[in-house]
Amino acid sequence: MNKHANLTHWAERVDLAAAFRWTVKLNLHEAVSNHFSLAVNDDGSRFLINPNGRHFGRITASSLLELDANDPETMNRPDAPDPTAWGLHGSIHRALPHARCLMHVHSIHATVLASLADSRLPAIDQNTAIFYNRHVVDEHYGGMAFGDEGARCAQMLRDPKITTMVMGNHGVLVIGRTVAETFNRLTYFERAAETYIRALQTGKPLRVLPDEIAEKTAQEWEDYPGYADAHLREIKALLDEEAPAYAS
């Protein structure tokens, strides 16, 4: 008998749990903070998210909470989520149905970028070009992402073309249609931020791509057939061999 038979959206839970576990492998996590969420209904108001105070390395498919973004009693329930998770992710899922999956981290290079006076990511190589005209910089950090701050951030992501928010003085928030797409984008953003920062450290002039080539490359990444799905599939295959408890 399947002890998890009463849990909904099992395949989505497994995908999200795999993303949490691999985030630890890549050292993009931070203590027991930061959050990933995934909408599971058409208007995006119901979503899965990590439980409060659980390390990413211990997340399992069955441990994920399923919340209703429109339920005012959410924070009064015994298994209430972290209040900043509710403030940020709840606000975005409530306001933006196209933002199906959200991943927010304080990864090292993305946060270094968010700490610069100019936090824009220029297209200086094939990977940074992924985010050409597809990221926004939040210039008005207002403290931890409780209610009003989360709602303010949601307004900056209204344009469906914007997939990434560099949260000035904070970290990064990436959105996508699926766990695979969003996690692939998150890992590439961290690598792109590292490339840019290391390029700055040389003190030499940057080789910035022309606008038309940067846009062409960004579109080619978006049209790359099955790339993100293959990435997550291989991550799950590795976890199935090394740490299969993620899917329990």
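Just so it is clear, none of the values below were taken in a lab; they were calculated from the coordinates. Given the structure is predicted, the values throughout are model-derived calculations rather than measurements. Cβ placement follows ideal geometry from the backbone for every residue including glycine, while neighbour counts extend to all protein chains displayed.
Results, tabulated for the structure shown:
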| item | result |
| --- | --- |
| Dipole of segment 10-247 [Lys/Arg +1, Asp/Glu -1 at C-beta], most positive-end residue of 227, 196, 179 | 196 |
| Hits among aspartates and glutamates - C-alpha to C-alpha of residue 25 under 15 Å, sequence gap 8 or more where chains match | 190, 234, 240, 241, 242 |
| Simple label model, 7 Å out from Cα along Cβ direction - residue 6 to residue 33, nm | 3.5 |
| Volume of the Cα convex hull of segment 70-162, divided per residue and given in Å³ | 118 |
| GNM result for the chain, Cα springs below 10 Å: residue of 90, 203, 171 fluctuating most strongly | 203 |
| Inter-label distance, nm, simple model (7 Å from Cα along the C-beta direction), residue 155/residue 75 | 2.0 |
| Most mobile of 99, 230, 114 in a GNM of the chain (Cα contacts under 10 Å) | 230 |
| The chain, relative contact order in percent, only Cα pairs under 8 angstrom and at least six apart counted | 23 |
| Residue exposure sequence - 10, 86 - by fewest surrounding Cβ within 10 Å | 10, 86 |
| Shape of segment 1-132, Cα gyration tensor, a/c cut at 1.5 | prolate |
| Stretch in the chain that is longest and holds no GluC sites (Glu not before Pro) that DSSP places in a loop and that have at most 14 other beta carbons within 10 Å | 140-248 |
| Shape category assigned to segment 157-248 from the gyration tensor of Cα positions, a/c cut at 1.5 | prolate |
| Segment 90-103 - phi-based ³J(HN,Hα) in whole Hz, Karplus 6.51/-1.76/1.60, Gly and Pro as x | x, 5, 6, 5, 5, 9, 10, x, 6, 8, 6, 10, 10, 10 |
| At 0.692 mPa s and 37 °C, Stokes D of the chain from Kirkwood alpha-carbon radius, µm² per second | 178 |
| For 165, 75, order by how many other beta-carbon atoms lie within 10 Å, fewest first | 75, 165 |
| At most 13 other Cβ within 10 Å, DSSP loop - trypsin sites (Lys or Arg not before Pro), segment 150-212 | 158, 161, 207 |
| Sequence-distant aspartates and glutamates (8 or more away, or on other chains) whose Cα lies within less than 19 Å of residue 236 | 12, 15, 181 |
| Calculated FRET value between residue 201 and residue 55, using beta carbons and R₀ = 30 Å, to 0.05 | 0.40 |
| Semi-axis lengths (Å, descending) of the ellipsoid that matches the C-alpha gyration tensor of segment 186-238 | 27, 18, 6 |
